[in-house]
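> Following this message is one structure expressed as C-alpha cells.
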Amino acid sequence: DFESNEGKHVYRHFINISSTGSSAKIATIANNSPKFLGSLSFLQASVQGILTDSTRDIKIKIDDGEWREVPKVSSLAVCNGQFFGGGMKVCPSAVLNDGKLHCTMWKDFTIPDWIMNLNSVYTGDHVKFHKTESFECKKIEVEAVSKDRACLIEIDGETPGKLPGTFRILPSALTLIC
C-alpha cells in the first residue's frame, strides 16, 4: 500500500519488482521515451535519470523490526524477480516462489559510481559493491524522511504513487496453469 499520485491511500499488487528513488524516475522517463529503441530506451532513460536525480534520506522497517534511517539512498528495489526492464539483473538472489522479498538498496551512488557499475547491473555483480546492500524480508515499510519532496514508487514499470509505502509478500498468491 502507498499514496497514489492523487493523494489517496491505495493498495496494489506487483509480480516482479517495485522500487523507489532513481529507479522510479528512470521508469517514468522510459515510459515517455520512443518505443522504437526497444531495450535501449531503458538504457537511455537510466542515463538520463541518473544524471538528473539525487539521493533521498529514507526510513525502513524490515518485518516487525525497528525503524532504521538510511541516508542518501539512490534507489531501493523490492523484488520477487531478478530483472528490471532492459535486462538489468537488479536482484540476483530473488526467486519468484520462495516466499520472500529480496531487496537491493543503492546508497549514496554518485555519477562515477553509476558509470563504474553500469555493466555490473546487467550481470548482477553490483551487489558486491560496498555502496549496495541486499537483504530479505516478508514485509518492508518505507518512508521519506523529508515530506518536502515526493519520493515516487515504481511498480512493475509504472509509477502510480509515492512514499510512504508498505511492501509485503503474499506467498502462493498466484496459481499458474501450464
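> For the chain, the longest stretch holding no GluC sites (Glu not before Pro) located in a DSSP loop with at most 10 other Cβ atoms within 10 Å is which? Numbers along the way, then the final one.
Numbers: sites that count: E6, E66.
Of all site-free stretches, the longest is 67-178.
> Quick one: if the Förster radius is 22 Å, what FRET efficiency do A150 and N31 give, using the C-beta to C-beta distance and rounding to 0.05? Don't skip to the answer; put the middle values down first.
Details: r = 17 Å, r/R0 = 0.77.
For R0 = 22 Å, the calculated efficiency reads 0.85.
> Further question on the same structure: For the pair K138/D57, report the inter-label distance in nm, with labels modelled 7 Å from Cα in the Cβ direction.
3.2
> OK, next. Would you kindly enumerate the cysteines in the chain that have no other Cys beta-carbon under 4.7 Å from their beta-carbon?
C103, C137, C151, C178
> When the convex hull of the Cα atoms of the chain is projected onto a plane and the area is averaged over all directions, what value comes out in nm²?
Working: hull surface 42.7 nm².
So the Cα hull casts an average projection of 10.7 nm².
> Can you list the lysines whose alpha carbon is less than 19 Å from that of K147, not counting same-chain residues fewer than 8 positions off?
Candidates past the 8-residue exclusion: K8, K25, K59, K61, K72, K162.
Where a number appears in this text, it was derived from the coordinates with a stated rule and is not lab data. Computed from a predicted structure; not experimentally measured. All Cβ positions, even for glycine, are placed from backbone atoms using ideal geometry, and neighbour counts span all protein chains on display.
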